[in-house]
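Colleague: Questions regarding the structure given below will be posed in turn.
Derivation of every value follows stated rules applied to the coordinates shown; laboratory data play no part. Worth saying up front: this structure is predicted, and the values here are computed from it rather than measured. Cβ: placed from backbone, ideal geometry, glycine included. Neighbour counts: every protein chain shown.
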Amino acid sequence: MIKTSRIIYLIVGSGFTILIGALHMFAHFRYLITPAVNQHLQEGIDIFGEVAPMWNSWGVMSVMMGMSFIVIGLLNLYIYSRLPKDSKPPIAPLFIMIIYLISVVYVGSEFNALPQFYGGIFGIVWTSICIFLCTKK
């Protein structure tokens with residue numbers, strides 16, 4: 001069970017998150033920052049009492065989402081690299097990942113983004129399996 005929990009932690013906690021972040025950053029810089037998208041997002045919205053183009057807010061959130069996934073993956077990779085070879089992954093980061101994945105499911109549901117919705121559920125299932133394996137003696 002130790003080996004299986006470590007493999008799941010490495011794949012779900014680091015591999016998938018870094019991959020998703022890198023793909024998001026690729027899509028952002030390849031397809032989403034075009035002049036056409038910029039033009040569509042020029043309408044102003046009120047953010048904390050100041051009117052700003054949606055482009056500004058959307059662009060920051062888009063880049064930060066991709067970078068957040070990469071950072072989460074790198075942090076999990078760091079945790080994994082510090083584990084003794086015969087120990088299970090720590091449960092606290094796994095629970096934190098589930099909280100984050102719940103927000104991914106919410107976003108997928110709220111904004112009709114099926115890949116995020118199902119990806120979040122996939123991540124919750126595998127992270128839960130990892131937690132289960134980590135609690136077994």
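Colleague: Please specify each residue of the stretch 18-41 satisfying the condition of being among the aromatic types (Phe, Trp, Tyr) and closer than 13 Å to residue 67 by Cα.
Modeller: Those that are among the aromatic types (Phe, Trp, Tyr) and closer than 13 Å to residue 67 by Cα: 26, 29.
Colleague: Now for a different question. Which one is surrounded by the most Cβ atoms within 10 Å (Cβ to Cβ), of the residues in the stretch 41-70 that are in contact (Cβ under 8 Å) with a residue 24 or more places away in the chain and of a type outside the set (Gly, Ala, Ser)? Step through it out loud before you land on a result.
Modeller: Restricting attention to the stretch 41-70, the residues satisfying the condition of being in contact (Cβ under 8 Å) with a residue 24 or more places away in the chain are 59, 62-63, 65-70.
Still in the running and of a type outside the set (Gly, Ala, Ser): 63, 65, 67, 69-70.
On the way: 63: 16, 65: 15, 67: 14, 69: 22, 70: 17.
Among those residues, the one meeting the criterion is 69.
Conditions (1) under 21 Å from residue 117 (Cβ atoms); (2) under 12 Å from the mean Cα position of the chain (by Cα); (3) of a type in the set (Phe, Trp, Tyr), marked per residue:
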| site | (1), (2), (3) |
| --- | --- |
| 5 | no, no, no |
| 52 | no, no, no |
| 55 | no, no, yes |
| 59 | no, no, no |
| 71 | no, yes, no |
| 84 | no, no, no |
| 102 | yes, yes, no |
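Colleague: Mind counting the residues in the stretch 7-40 that are within 27 Å of residue 85 (Cβ to Cβ), crowded, with 16+ Cβ neighbours inside 10 Å, within 14 Å of the chain's Cα centre (by Cα) and of a type in the set (Val, Ile, Thr)?
Modeller: The number of residues fulfilling the criteria is 3.
Colleague: Step by step: first the residues of the stretch 117-135, then only those that are within 15 Å of residue 3 (Cα to Cα) and of a type in the set (Ser, Thr, Tyr), then the one that is surrounded by the most Cβ atoms within 10 Å (Cβ to Cβ). Which residue is that?
Modeller: 127
Colleague: List, please: which pairs have Cβ atoms under 7 Å, are six or more places apart or on different chains, and start with a residue in the stretch 120-137 that is free of Cβ contacts under 8 Å to residues at least 60 places away in the same chain and farther than 14 Å from residue 9 by Cα and end with one that is part of a helix (DSSP H, G or I) and of a type outside the set (Ser, Thr, Tyr)?
Modeller: Listed pairs, sorted by first residue: 120/101; 120/104; 120/105; 120/108; 121/105.
Colleague: If you don't mind, another one. Does any residue in the stretch 19-40 that is free of Cβ contacts under 8 Å to residues at least 24 places away in the same chain and assigned to a helix (DSSP H, G or I) come within less than 9 Å, Cβ to Cβ, of a residue that is of a type outside the set (D, E, K, R) and surrounded by fewer than 12 Cβ atoms within 10 Å (Cβ to Cβ) six or more places away or on a different chain, and which pairs are these?
Modeller: Listed pairs, sorted by first residue: 37/31.
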